[in-house]
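Everything on this sheet refers to the single structure shown next.
The values are calculated or read from the model by the stated rules, or taken from the named source; none is laboratory data. Bear in mind that the values here come from a model prediction, so they are computed numbers and not experimental data. Quick reminder, even Gly has a Cβ in these numbers, built from the backbone with ideal geometry, and neighbours come from all protein chains shown. Note: areas computed on protein heavy atoms with side chains; ligands, DNA, RNA excluded. Shrake-Rupley method; radii C 1.70, N 1.55, O 1.52, S 1.80 Å.
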Amino acid sequence: MAAGKKHAPQGNAKSHPGVNFAKAPFKIHKGQQRSKNGLKEKFLVETWGATTVALFGGFSVEDTAQSIHCKNACTIATVNTAEFLSYYSYNQVGICPVVDGYFTNGSCYFSGTVSFSDLYANRTNQTNLAVGSGTHIVQTYVYTTQPAYLGHYQNDYHVYQ
């Protein structure tokens, strides 16, 4: 090999230069991208709370009802996060988003026990529901098998068409 000349490694017909991603010219995101199923996010409604609320066990309203209007049929996807504290080590909790009074797909499953030793334990949930055109009411409930405390929470209602 001659000094100063670059050659492809042995057994490799073509050489591929490495890319330094810190210097790569990434494109800037412009507008909403379509998901794999062709839906485009139209808007987002968020609710949240930062005060501690005592839960008595069973269903409890977590946030206030929000009205969403779909010009055409749409899909509402939810992303929910909530903190729970319980003095009962066997307390099961679930986050239960609803649209027009119906549970969304994946809603209200038990996401594990919470206990006092956890202090505030975060629980999350992601769900969806396809609905027709018109105005729809979205709201999130929580379910506990025993009394507990609800701390901070945030609910994101993504509307796709």
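Check whether at least one residue in region 81-98 is over 24 Å from VAL53 (Cα atoms) and open to solvent by less than 70 Å² (accessible area, probe 1.4 Å), and report yes or no.
Of region 81-98, the ones over 24 Å from VAL53 (Cα atoms) are none.
There is no residue in region 81-98 that is over 24 Å from VAL53 (Cα atoms) and open to solvent by less than 70 Å² (accessible area, probe 1.4 Å).
Taking the options ALA65, ALA73, name whichever one is within 14 Å of VAL159 (Cα to Cα) and either open to solvent by less than 80 Å² (accessible area, probe 1.4 Å) or touching a residue at least 12 places away in the same chain (Cβ under 8 Å) (or both). Let's see the steps before the verdict.
Details: ALA65 fails: within 14 Å of VAL159 (Cα to Cα).
After ruling out the rest, the residue left standing is ALA73.
If you scan region 11-53, which residues turn out to be modelled with pLDDT of 55 or more and exposed (fewer than 10 other Cβ atoms within 10 Å of the Cβ)?
The answer is LYS36, ASN37, GLY38, ALA50, THR51.
Return the residues of region 147-161 that are open to solvent by 50 Å² or more (accessible area, probe 1.4 Å), under 18 Å from the mean Cα position of the chain (by Cα) and of a type in the set (Ser, Thr, Tyr); say none if nothing qualifies.
The answer is TYR160, and nothing else.
Going by the structure shown, is SER133 among the small types (Gly, Ala, Ser) and surrounded by fewer than 16 Cβ atoms within 10 Å (Cβ to Cβ)?
Against the criterion (among the small types (Gly, Ala, Ser) and surrounded by fewer than 16 Cβ atoms within 10 Å (Cβ to Cβ)), SER133 qualifies.
Tell me, which residue of region 99-110 that is at pLDDT below 95 and open to solvent by 40 Å² or more (accessible area, probe 1.4 Å) is farthest from the chain's Cα centre (by Cα)?
PHE110
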